[in-house]
Amino acid sequence: MSINSSDDKYREMFIFETMELAGQLEQIILNSEKSNGADPQFIDEIFRIMHTIKGSSSMMFYKHIALLTHSVEDVFFYLREEKGKAFDYARLTDLVLEVIDFIKVEITKLQAGDDRIGDPSILIQEIQLFLQQLQNDPPAGQGEMGAELNPYEAVFTFVDGCEMENIRAFGIIHKLKDKAENIRHFPEELIDDENSSEIIRREGFTILFHSEEPLESLYDFLQETLFTKSLTLSRREKAVISLEEPLTDLAVKTSETPEIPETQLQPDSQKSMSKQSIISVNVAKLDRLMDLVGEMVIAEAMVTQNPELANLELDSFHKAARQLKKITNELQDMVMSIRMVEISTTFHKFNRIVRDMSRQLNKGVQLRIVGEETEVDKNIIDRISDPLMHLIRNAIDHGLEHAEQRKEQGKAEIGTITLEAKNAGSEVWITVRDDGKGLDKQKILQRARDNGLIIRPESELSDREIYAFIFYAGFSTNEQVTEYSGRGVGMDVVLKNIEALGGAVSVDSVQGKGTDIIIKIPLTLAIIDGLTIRIGDLKYTVPATSIKQSFRITPADVIVDPDNNEMIVVRGQCHPIIRLHERFKVPTKVTKLHEGIIMMVENDGHIICLFADELIDKQQVVVKTLPSYFKKMNGIAGCTILGDGSISLILHTSDFFS
Amino acid sequence: MSEAKSEVFEEEDTLQGKFLTFPLGAEDYGIEIKFVTEIVGIQAITPIPSIPEYIKGIINLRGKIIPVMDVRLRFKKEPRAYNDRTCIIVIDIKEVTIGLIVDSVSEVISIPDENIIEPPYVNKNVHNKFIESIAKINHAVKLILDCDKLLNEEDLEELEPLL
């Protein structure tokens with residue numbers, strides 16, 4: 001049994017690491033695609049990652065992944081050795097992306113416990129074919145990169161009295177430029193420095209360069225130089241040449257690919273990504289740590305507010321107690337912050353989607369990411385990805401116009417999708433913004449009218465309220481979706497997912513300018529804003545987000561139907577009342593509706609009113625799950641430990657609607 | 001890893017044949033000590049709606065929320081008011097942690113295997129259902145609880161149709 005569990009642990013680790021690496025890989029390849037592979041570093045990076053995946057997957061006996069990664073490794077090994085070789089970059093990118101997809105699918109299967117293994121052989125063949133083509137290609141005449149090939153050193157001396165040694169040397173350099181790169185020579189200044197001829201006469205002319213050509217042919221080539229008295233050409237040890245700044249400068253200048261300014265930044269961000277000092281910790285351990293800290297806070301209160309200390313003069317005790325409180329608070333904050341992860345990985349995943357869609361739909365799209373350093377609870381990160389993907393797809397598909405249209409309207413031909421995250425109080429706001437055509441208010445209104453969604457006078461509706469109609473289920477599945485200016489596909493699903501996280505979604509749009517979809521989610525699922533209510537002697541917690549309003553009523557407000565169902569009319573609408581003390585079978589003295597408190601909760605457009613004895617407090621609580629012994633509890637989402645150490649059950653209000 | 005394994009075996013060895021005993025009504029009961037993680041005094045119990053009567057609710061055990069079961073009620077005996085001798089025996093079975101509320105605990109004893117006998121088969125007796133075996137010690141008899149059955153599946157199903 002212990003073997004099995006450690007096996008599981010390794011598998012979990014493998015899945016985690018490989019997914020992480022696959023994500024990194026995707027990011028690297030997309031970044032370097034943007035710069036047309038201008039950064040040679042990516043070859044090393046990809047080689048390294050492929051090697052790691054190969055190693056770990058063969059260790060786990062996932063042979064198919066190991067084989068596949070091995071074949072990719074071969075390609076990159078070749079590229080690494082043959083630096084500067086020209087190759088079909090787009091094809092390589094596609095291949096690597098296909099490999100990433102394959103690995104991801106396999107890993108997902110693994111996670112789901114699916115034993116069926118995919119067959120990578122076709123992909124492997126393609127990769128091998130690519131490698132063969134690479135190897136058969138004649139060596140590129142001129143490498144693009146300032147990379148080390150074979151380092152050579154040539155020393156010329158010219159025939160005495162031939163004059164103009166510096167000009168002749170310059171000629172050699174000029175000739176050599178076709179065959180070699182990273183050329184350095186001594187003396188460095190040939191034309192401008194009058195003494196250079198003198199130096200060459202005295203010490204000879206030394207050239208350090210790199211070339212793919214073999215020694216012999218280079219020798220023959222250089223030998224042809226007129227007035228050469230002697231020529232020594234030798235291969236140098238790699239260590240001799242140091243790629244110092246002048247050389248790299250040279251390399252960048254000779255590079256033919258135009259560089260997009262961004263590419264300068266990307267290698268840096270990549271580096272910092274791979275060098276971050278991070279350890280991965282099992283979330284269960286963090287939960288346990290949080291439990292312990294929570295327990296300590298309670299224990300601290302029990303000590304410092306111990307009734308036996310009352311009425312005692314304890315100045316230094318109180319001072320020490322304050323210090324303790326300060327430290328425990330800090331500790332609590334720190335433990336909370338451990339669960340927080342940067343949203344950047346989630347954001348960067350979308351680069352791929354944007355790229356793929358941009359190609360598929362033939363629309364120029366760039367993804368701009370703002371505030372990727374924003375931190376969000378791990379659980380939320382895991383669950384925000386799908387809704388975001390939906391929104392981004394919608395934005396590209398329906399929001400952005402084609403290049404011609406954009407041009408006509410005087411916009412940049414390439415559309416921009418902005419993904420922005422920022423902190424706002426105890427919430428994180430994530431905005432998906434496009435600079436497309438925006439929402440058509442009139443059409444939405446028309447559609448809402450047709451579907452009978454408008455219950456208020458239209459003149460009273462704010463823009464936001466109108467846009468909010470797009471979140472209604474079935475609103476978009478109308479036949480004219482494609483003509484209809486925007487959004488729609490599955491917006492109700494997005495809303496549901498976000499609401500399940502305790503968040504909210506709103507829309508801002510300017511016709512012709514673009515659309516903002518703003519998602520507001522709580523920082524953490526582990527802590528919620530809760531209203532503590534009392535029923536009998538027991539305390540319960542209701543998530544503040546689920547309560548629309550709470551109020552007291554008079555006996556006259558209540559209607560009772562013949563089946564003894566109680567109802568209440570609020571603003572012309574009739575809502576059923578559920579007495580929590582009856583539902584939970586808790587004895588209480590407060591049984592008259594006007595003595596207690598009514599809380600209005602909404603779910604999916606329906607409203608019910610919950611009746612409790614009284615509202616005690618509003619506070620942030622740490623959500624804990626009920627013991628697994630209880631399976632799924634109807635009406636209860638979990639529990640929390642209150643400041644005095646007692647347990648309060650957290651209501652799951654949507655359960656009361658069924 | 002082999003090291004860790006042998007450690008586990010050693011630990012199991014030392015726990016082998018040891019039982020925590022507690023009186024309940026006229027009988028003495030025993031629980032294999034390997035299931036027991038700790039014994040705590042009675043503390044505030046938060047009731048949970050719509051669960052069997054013998055599950056009293058949940059307690060906060062140093063930040064860990066665990067359910068507690070009144071063994072008297074489980075055995076369909078007369079309930080008794082809790083006092084400062086009332087104990088909660090926290091047991092861990094198949095990754096489920098649960099507290100057993102008992103009147104008090106007596107001691108930990110070693111019972112050699114030869115002193116443990118199968119319980120007699122009567123019929124589908126409710127009492128026998130939870131008894132794994134019977135141990136004889138100096139003319140006294142201890143009933144060894146089958147912890148697994150104490151919180152077995154068929155009873156868990158009773159918990160499902162809540163509300």
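Read-outs: derived from the displayed coordinates by stated rules, not from any lab. These numbers come from a predicted model, not from an experiment. Every residue, glycine as well, gets a Cβ built from its backbone with ideal geometry; the counts of neighbours run over all protein chains shown.
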Compactness index (Cα Rg / 2.2 N^0.38 Å), the stretch A:342-522: 1.01
Gained length - A:Asn311 relative to A:Val510, 0.36 nm times residue gap less alpha-carbon distance: 65.1 nm
Per-peptide average of other Cβ atoms within 10 Å, ordering A:330-338, A:439-447 highest first: A:439-447, A:330-338
Shielding score for B:39-52, defined as the mean number of other chain Cβ atoms within 10 Å: 4
Cα→Cβ-extended label distance, 7 Å offset, between A:Asp88 and A:Asp101, nm: 1.7
Average Cα contact separation per residue, the stretch B:18-150, under 8 Å, 6 or more apart, as relative contact order %: 28
Long pairs among A:Lys325/B:Lys64; A:Lys585/B:Lys56; A:Lys548/A:Lys592; A:Lys349/A:Lys378; A:Lys109/B:Lys149; A:Lys520/A:Lys548, criterion Cα-Cα beyond 25 Å: A:Lys109/B:Lys149
Shielding by other protein chains, A:633-641, mean Cβ within 10 Å: 4
Local electrostatic count at A:Asp613 - Lys and Arg +1, Asp and Glu -1, tallied over other residues with Cβ under 9 Å: 0
Ranked packing of A:154-165, A:512-523, most packed first, by mean Cβ within 10 Å: A:512-523, A:154-165
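Please compute the Kirkwood hydrodynamic radius over the stretch B:18-150, one decimal place, Å, based on all pairs of different Cα atoms.
Numbers: mean 1/r = 0.0650 Å⁻¹.
Computed over Cα pairs of the stretch B:18-150, the Kirkwood hydrodynamic radius comes out at 15.4 Å.
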Calculated FRET efficiency for the pair A:Glu189/A:Tyr219, C-beta based, R₀ 25 Å, to 0.05: 0.40
Full-stretch length increase - A:Ala544, A:Phe77 - with 0.36 nm per residue and alpha-carbon distance subtracted: 162.4 nm
Efficiency of FRET between A:Lys319 and A:Phe61 - r from beta-carbon atoms, R0 51 angstrom, step 0.05: 0.25
Calculated FRET efficiency for the pair A:Asn634/A:Ile117, C-beta based, R₀ 45 Å, to 0.05: 0.65
Estimated distance in nm for a label pair at A:Arg359 and B:Lys149, the labels positioned 7 Å out from Cα along Cα-to-Cβ: 6.5
Label-point gap, in nm, between B:Asn83 and B:Lys18 - each point 7 angstrom along Cα→Cβ: 3.0
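Counting only other chains, and only Cβ atoms inside 10 Å, what mean value do you get across the residues of A:289-296?
That works out to 3 on average.
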Net length gained if the chain between A:Ile414 and A:Glu373 were fully extended (0.36 nm per residue, minus Cα distance): 12.2 nm
